[in-house]
Amino acid sequence: SAVGAYHGSKTFAEKSAYEFLGNEKPSFDIVTLNPPMVFGPILNAQTATSLNESSTFIYNILAGKTEGKLLSPGLHLWADVRDVARAHILAFQTPAASNQRFLLEADGIYNAQEIADVLRKHFPEQSIPVGTPGGGLGLKDSDIYLADNSKSKEVIGMQYGSLEDMLI
C-alpha cells in the first residue's frame, strides 16, 4: 500500500543512515527526529486544494465538509510544525543529542471531536459539526497508546505547545 511504502521508506532511510555512520565512520554525526502527524501554520498553500493531507483533515472540519459527521474519530499522535522546527535547532545546538533518535510527539493525543471543539470556540461563524462537545471516545487510560517524548525533553530541552496553540 502507499501508506505502508511511506512508513517503510522512513524506517529504511533511518536504518541506512545509522548503518552508514557505523560502516564509514564519517567526521560528522547524525540525529534523527521522528514526528507523527505534523500540523500547524501553512506557508505556501494558496488554495484548499493545495493543502497537504494533515492540513486538509483540519480544513475539512473547519469548512464543514465532513457531511455533519466528525470523521476519523480515532486517537492520533501529533506535533506542531513549529515544535518540529525548534527540535531541529535544539538538536543541532546540543552535543548530547549526537547519534540519537528522538520521538517528537506533543503532550497528549487528539481526536476529531477535540479539534472541532477548539475550532468552534474560535470560529463560531463556521459550520463546524457539533458532534458531542467535550466528548472523547469513552476510552480508559489503559486503552490509549502514547509515544514517549521524555527523551526529547530531557536531552534537547523540548517543550511542546497545546492542541489549541497549534490550531489557532
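The values are calculated or read from the model by the stated rules, or taken from the named source; none is laboratory data. Because the structure is predicted, anything quoted here is derived from the model rather than measured. Note that we place each Cβ from the backbone using ideal geometry, even for glycine, and neighbour counts take in every protein chain shown.
Sub-6 Å Cβ pairs linking a first residue in region 95-113 that is closer than 29 Å to PHE28 by Cβ to a second residue that is in a loop (DSSP other than H, G, I, E, B) and of a type in the set (S, T, N, Q), at least 6 apart or interchain, are LEU103/ASN149; GLU105/ASN149, ordered by first then second residue.
Going through (1) closer than 24 Å to GLU114 by Cα; (2) surrounded by fewer than 16 Cβ atoms within 10 Å (Cβ to Cβ) one by one, LEU21 falls short only on (1).
Yes/no matrix, rows are residues, columns are (1) of a type in the set (Asp, Glu); (2) modelled with pLDDT under 85; (3) not in a loop (DSSP other than H, G, I, E, B):
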residue: ASP107; (1), (2), (3): yes, no, no
residue: GLU114; (1), (2), (3): yes, no, yes
residue: GLU125; (1), (2), (3): yes, no, no
residue: PRO133; (1), (2), (3): no, yes, no
residue: GLY138; (1), (2), (3): no, yes, no
residue: SER142; (1), (2), (3): no, yes, yes
residue: ASP148; (1), (2), (3): yes, no, no
residue: GLN159; (1), (2), (3): no, no, no
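Quick one: in region 64-83, which of the residues that are over 20 Å from GLU105 (Cα atoms) and surrounded by 15 or more Cβ atoms within 10 Å (Cβ to Cβ) is modelled with the highest pLDDT? Checked region 64-83; the qualifying residue modelled with the highest pLDDT is THR66. Would you confirm whether or not region 27-42 contains a residue that is surrounded by fewer than 13 Cβ atoms within 10 Å (Cβ to Cβ) and among the hydroxyl-bearing types (Ser, Thr, Tyr)? There is at least one residue in region 27-42 that is surrounded by fewer than 13 Cβ atoms within 10 Å (Cβ to Cβ) and among the hydroxyl-bearing types (Ser, Thr, Tyr). Taking the conditions (1) at pLDDT 95 or above; (2) surrounded by 19 or more Cβ atoms within 10 Å (Cβ to Cβ); (3) closer than 20 Å to GLY40 by Cα; (4) of a type in the set (A, V, I, L, M) in turn, LEU167 satisfies each one other than (1).
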